[in-house]
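Engineer: Take a look at the following structure, please.
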Amino acid sequence: EAIAHVRRIMLPSGVLAMNYVGVPNDKRVMEHIVATLRTSFKHVRCFGEFEVKNYYTFKRDKERQMNSMVNMMFFASNERIEFRIPQLSQKSKSKSNASIRDVMLASMLGNEIMLDHLSLDVRPLTDNWNPLTQWQVGTAIDHWHTMRRLFSEEYWLEY
């Protein structure tokens, strides 16, 4: 219902941006999220924030992370979703002179998570039916352990 309420107050050409942390290859979860977004929007695209070591290992790094917890951005609209991608010069790439926005947008299309293979013949998520919490217990626990390794106990107690 929240998606429908947001859609109701958006401009006809507006784009909803929704952050989601999950496993891109978790077909069940992804199908339900996309089906839910499609109840209010014709077009849905998704992009992952993949950790890529370098240009030459990009494809392998991305494929490996498709089964891991990844930050994802869903974009939904009733208009086709197009992005103006900046062209970064070699100088701005190598010396980090480009803005974070430009760097992220320049790498964005390569980070698209294809959704066309997903079935939309699934029940959309609602306020009264949302099993995502149950389905993601395992990945949530893995994420908790990862965060505990990344940040010290002092960090968690102080902040």
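Engineer: Step through the residues of region 30-36 one at a time and calculate ³J(HN,Hα) from phi using the Karplus curve (6.51 cos²θ - 1.76 cosθ + 1.60, θ = phi - 60°), rounding each to whole Hz and writing x for Gly and Pro.
Structural biologist: My calculation for region 30-36 gives 4, 4, 6, 5, 5, 4, 5 Hz in order.
Engineer: Distances over 16 Å make up what percent of all Cα-Cα pairs in region 115-159?
Structural biologist: 63 percent
Engineer: Can you tell me, using C-alpha contacts under 8 Å and at least 6 residues apart, the relative contact order of the chain as a whole percent?
Structural biologist: Relative contact order comes out at 31 percent.
Engineer: Counting only residues 5 or more places away or on other chains, whose amide H sits under 5 Å from the amide H of Ile113 once H atoms are built in the peptide plane?
Structural biologist: Close amide H contacts, sequence-distant or interchain: Cys46, Phe47, Gly48.
Engineer: Still on this structure, please answer the following. Compute the Cα gyration tensor for the chain, then decide on rounded, prolate or oblate, letting a ≥ b ≥ c be the square roots of its eigenvalues: rounded whenever a/c is under 1.5, prolate when a/b is larger than b/c in the other cases, and oblate in all that remain.
Structural biologist: Note, shape of the chain comes out oblate.
Engineer: Given a Förster radius of 35 Å and the C-beta distance between Arg148 and Arg123 as r, what FRET efficiency does 1/(1 + (r/R0)^6) yield to the nearest 0.05?
Structural biologist: Calculated transfer efficiency: 0.50.
No lab work stands behind these numbers, since they all come straight from the coordinates. Computed from a prediction, not measured in an experiment: that's the story for all the values here. Cβ atoms come from the backbone with ideal geometry, glycine included; neighbour counts cover every protein chain shown.
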